[in-house]
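To start, the structure under review is shown below, and the notes come after it.
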Amino acid sequence: MKRILITGAASGIGLATARHFHDNGWRVGLTDVNDTALAQLAATLNHSWYRRLDVTDSIACQHACRDFAEDGCIDVLFNCAGILRMGPFESISAEQHRQIIDINVTGLINMSLAAHPFLQESRAAAVINMSSASALYGVPHFASYSASKFAVRSLTEALNIEWGRQGIRVVDIMPPFVKTPMVEQASFRPPILDRMGVNLSADDVVAKVWQAANEKVPVHNPVGLSFKLLKLLDKALPSGSTRLLLQFLSRD
């Protein structure tokens, strides 16, 4: 039975991923800081493993990976844990900016390092990182979040080469706005959100995660037609076209 370890599994994309992989016969490892929601999810997924985990705690990440592997392996690590703060840059506190980087970037590094020895034991190991369309060009009102996803993108590119030599595939998933509690319950709604729309569901992203876990896919995997078109335009049009488009979409 294949094994997937998921961070941020108690809600949104992580939760939908856990259910999909469980229903398709995988051994599922669930981690999240929300222990109540995590326990409720685990109760609905027979034989799943779960643990409350703060991914910014490197030692706790090591213990979680070791205990989930149970002297065996981890076939797939899905680095899904992340937070989002939307609003004018100066309206977000320094502490909130730091949390975005700590969870979205440092947490991913901690989990990847902790899982590495157990990924090496798998015959078809993969690390799937949750990136974002905002890693293409910095998005107004998402400044620190965009910065964190640029970091995820570059980490993915580097490890795709470095760990690829060890037989570990490293790829990322790049959706635009997704209908998740993190987006829909935000206190600030940027203009770009209304103009582009929130057209993707968590299940749309899960389909790409499932493909990445089971097939050889490119390093970067965009989700949704709108972002695929934006990537094509970014390549085809003169430099600065993406900036002008985002400037227009994010206007007050």
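The values are calculated or read from the model by the stated rules, or taken from the named source; none is laboratory data. This one's a predicted model, so the numbers in the text were calculated from it and none came from an experiment. Note that we place each Cβ from the backbone using ideal geometry, even for glycine, and neighbour counts take in every protein chain shown.
Here's the yes/no breakdown for (1) more than 22 Å from R251 (Cα to Cα); (2) surrounded by fewer than 20 Cβ atoms within 10 Å (Cβ to Cβ); (3) among the small types (G, A, S); (4) touching a Leu at 6+ places or on another chain (Cβ under 7 Å):
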site: N110; (1), (2), (3), (4): yes, no, no, no
site: A115; (1), (2), (3), (4): yes, no, yes, yes
site: E121; (1), (2), (3), (4): yes, yes, no, no
site: A135; (1), (2), (3), (4): no, no, yes, no
site: E157; (1), (2), (3), (4): yes, yes, no, no
site: W163; (1), (2), (3), (4): yes, yes, no, no
site: F177; (1), (2), (3), (4): no, no, no, yes
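Do you know which of the residues in segment 118-137 that are part of a helix (DSSP H, G or I) and closer than 12 Å to L77 by Cβ is nearest to the chain's Cα centre (by Cα)? Break it down stepwise before answering.
In the first step, residues of segment 118-137 are kept if they are part of a helix (DSSP H, G or I); the result is 118-119, 133-135.
Cutting the leftovers down to closer than 12 Å to L77 by Cβ gives us 118-119.
Numbers: F118: 20, L119: 18 Å.
So, considering only residues that are part of a helix (DSSP H, G or I) and closer than 12 Å to L77 by Cβ, the one nearest to the chain's Cα centre (by Cα) is L119.
State the number of residues belonging to segment 88-105 that are more than 15 Å from T156 (Cβ to Cβ) and within 20 Å of the chain's Cα centre (by Cα). Give the derivation first.
Kept after step one, since they are more than 15 Å from T156 (Cβ to Cβ), are these residues of segment 88-105: 88-103.
With within 20 Å of the chain's Cα centre (by Cα) added as a condition, the list becomes 96-103.
Total meeting the criteria: 8.
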Seminar exercise, completed: Checking A69, A94 in turn, the sole residue that is aliphatic (A, V, I, L, M), farther than 30 Å from P191 by Cα and either modelled with pLDDT of 95 or more or touching a His at 6+ places or on another chain (Cβ under 9 Å) (or both) turns out to be A69
Exercise. If a residue has to be in contact with a Phe, Trp or Tyr (Cβ under 9 Å, 6 or more places away or on another chain) and either in a helix (DSSP H, G or I) or farther than 25 Å from M1 by Cβ (or both) to count, how many in segment 36-57 make the cut?
Worked result: 4
Exercise. Filter segment 163-192 for residues that are assigned to a loop (DSSP other than H, G, I, E, B) and over 14 Å from the mean Cα position of the chain (by Cα); which is modelled with the lowest pLDDT?
Worked result: A186
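Working carefully through the options A16, A9, A37, A43, find the one that is over 20 Å from G72 (Cβ atoms), small (G, A, S) and under 14 Å from the mean Cα position of the chain (by Cα). Can you show your working first?
Details: A9 fails: over 20 Å from G72 (Cβ atoms); A37 fails: under 14 Å from the mean Cα position of the chain (by Cα); A43 fails: under 14 Å from the mean Cα position of the chain (by Cα).
Of the residues listed, the single one that is over 20 Å from G72 (Cβ atoms), small (G, A, S) and under 14 Å from the mean Cα position of the chain (by Cα) is A16.
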For this session: For residues that are of a type in the set (F, W, Y) and modelled with pLDDT under 90, tally how many sit in segment 193-252.
Result: 2
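Could you run through segment 68-97 and say how many residues are small (G, A, S), surrounded by fewer than 16 Cβ atoms within 10 Å (Cβ to Cβ) and assigned to a helix (DSSP H, G or I)? Talk me through it step by step, then tell me what you get.
Just the residues of segment 68-97 that are small (G, A, S), to begin with: 69, 72, 81-82, 87, 91, 93-94.
Adding the requirement that they be surrounded by fewer than 16 Cβ atoms within 10 Å (Cβ to Cβ) leaves 72, 91, 93-94.
Add one more test, that the residue is assigned to a helix (DSSP H, G or I), and what stays is 91, 94.
Total meeting the criteria: 2.
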Seminar exercise, completed: For A60, the lone unmet condition from (1) in contact with an Asp or Glu (Cβ under 9 Å, 6 or more places away or on another chain); (2) touching a residue at least 24 places away in the same chain (Cβ under 8 Å); (3) within 19 Å of D102 (Cβ to Cβ) is (2)
Seminar exercise, completed: Considering segment 1-30, residues that are closer than 19 Å to I173 by Cα and among the polar types (S, T, N, Q), and then whichever is surrounded by the fewest Cβ atoms within 10 Å (Cβ to Cβ), we arrive at S11
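Step by step: first the residues of segment 12-35, then only those that are outside any loop (DSSP other than H, G, I, E, B) and small (G, A, S), then the one that is farthest from F177 (Cα to Cα). Which residue is that?
Start the filter on segment 12-35 by keeping residues that are outside any loop (DSSP other than H, G, I, E, B), which leaves 12-23, 27-32, 35.
Okay, now just the ones that are also small (G, A, S), so 12, 14, 16, 18, 29.
Details: G12: 12, G14: 15, A16: 16, A18: 20, G29: 26 Å.
Looking at residues that are outside any loop (DSSP other than H, G, I, E, B) and small (G, A, S), I get G29.
Quick one: in segment 138-162, of everything that is assigned to a helix (DSSP H, G or I) and among the β-branched types (V, I, T), which residue is nearest to the chain's Cα centre (by Cα)?
The first filter runs over segment 138-162 and keeps only residues assigned to a helix (DSSP H, G or I), leaving 143-162.
Filter once more, keeping what is among the β-branched types (V, I, T): 152, 156, 161.
Details: V152: 9, T156: 11, I161: 19 Å.
Checking each candidate, the answer is V152.
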